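Chemist: Could you have a look at this structure, given as structure tokens, before my questions?
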Amino acid sequence: MPKIAEIEATPNPNAMKFILREPLTWGVTRSYDKPEQAVGDALAMSLFDIDHVTNVFYVDHWITVTQDGGADWEELKRQLAVPIREAASADAQSAQFAEQAGEIERDKLSTEDRERLDRINAALDENVRPYLQNDGGDLYVVGLEGNKLSVHYQGACGSCPSSLSGTLAGIENLVRQIEPDLEVVAV
């Protein structure tokens, strides 16, 4: 049962990040934009049962919950704390969720595209993801076709206004240092 160590605001005024003393997963990201996506995930389902919750995102020692803007954060944080504290810590199910993650099927890519993807992900791992994760979100690459890189924001970043403007432009500038003609789109 994870204990909440700290609760932090994020750049998205409708998202709050709960930092935990024990991990919920071992490096496996779980992200849900609606309750139907969370079927089989007891923690996410219990959070979606709380009024105003619109997104649940968690990995390792933190969870970000996004609301629709209609709730008072002080009251909502108290409600959210209950299922978070009752959640199971990281366990063997993490491997199952890792297989279900929305990553690109690498075996369907050419050797050249796998190498391109590795370079892009290395740059994202070093220069982008740590900052997004610090703010209660993340992103993953969902497609690489020709000169088009598709990324998907998670957690607080998923509904943050700056993710679709400033952050996306920053990501595009970064990957264009690797491949000058690459276009980045958020999906």
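Chemist: Are there any pairs, at least 6 apart or on different chains, whose C-beta atoms fall under 7 Å, with the first in segment 16-32 and outside the structural domain of His152 (by TED's automatic domain parsing) and in contact (Cβ under 8 Å) with a residue 40 or more places away in the chain and the second of a type in the set (Asp, Glu) and outside any loop (DSSP other than H, G, I, E, B), and if so, which?
Modeler: The qualifying pairs are Lys17/Glu8; Ile19/Glu6; Ile19/Glu8; Thr29/Asp138.
Chemist: Something else about it: Is it the case that some residue within segment 98-112 is under 26 Å from Leu174 (Cβ atoms), at pLDDT 80 or above and of a type in the set (A, V, I, L, M, F, W, C)?
Modeler: Checking segment 98-112: at least one residue is under 26 Å from Leu174 (Cβ atoms), at pLDDT 80 or above and of a type in the set (A, V, I, L, M, F, W, C).
Chemist: Only residues that are assigned to a strand (DSSP E or B) and either surrounded by fewer than 21 Cβ atoms within 10 Å (Cβ to Cβ) or of a type in the set (Phe, Trp, Tyr) (or both): list them for segment 1-19, please.
Modeler: Ile4, Ala5, Glu6, Ile7, Glu8, Ala9, Phe18, Ile19, listed by residue number.
Chemist: Looking only at segment 24-34, decide whether some residue is modelled with pLDDT of 90 or more and β-branched (Val, Ile, Thr).
Modeler: Taking every residue of segment 24-34 in turn, none turns out to be modelled with pLDDT of 90 or more and β-branched (Val, Ile, Thr).
Chemist: Now for a separate question. If you check Ile50 against the conditions, is it touching a residue at least 24 places away in the same chain (Cβ under 8 Å) and surrounded by fewer than 19 Cβ atoms within 10 Å (Cβ to Cβ)?
Modeler: Judged against the criteria, Ile50 is a match.
Chemist: Restricting to segment 53-75, give me the number of residues that are crowded, with 19+ Cβ neighbours inside 10 Å and not β-branched (Val, Ile, Thr).
Modeler: Number satisfying all stated conditions: 5.
Chemist: Right, here's the next one. Give Leu132, Leu139 a once-over and let me know the one that is outside any helix (DSSP H, G or I), closer than 22 Å to Val59 by Cα, within 11 Å of the chain's Cα centre (by Cα) and without any contact (Cβ under 8 Å) to a residue 60 or more places away in the chain.
Modeler: Leu139
The values are calculated or read from the model by the stated rules, or taken from the named source; none is laboratory data. Owing to the predicted nature of the structure, the values given are computational and were not obtained by experimental measurement. Cβ: placed from backbone, ideal geometry, glycine included. Neighbour counts: every protein chain shown.
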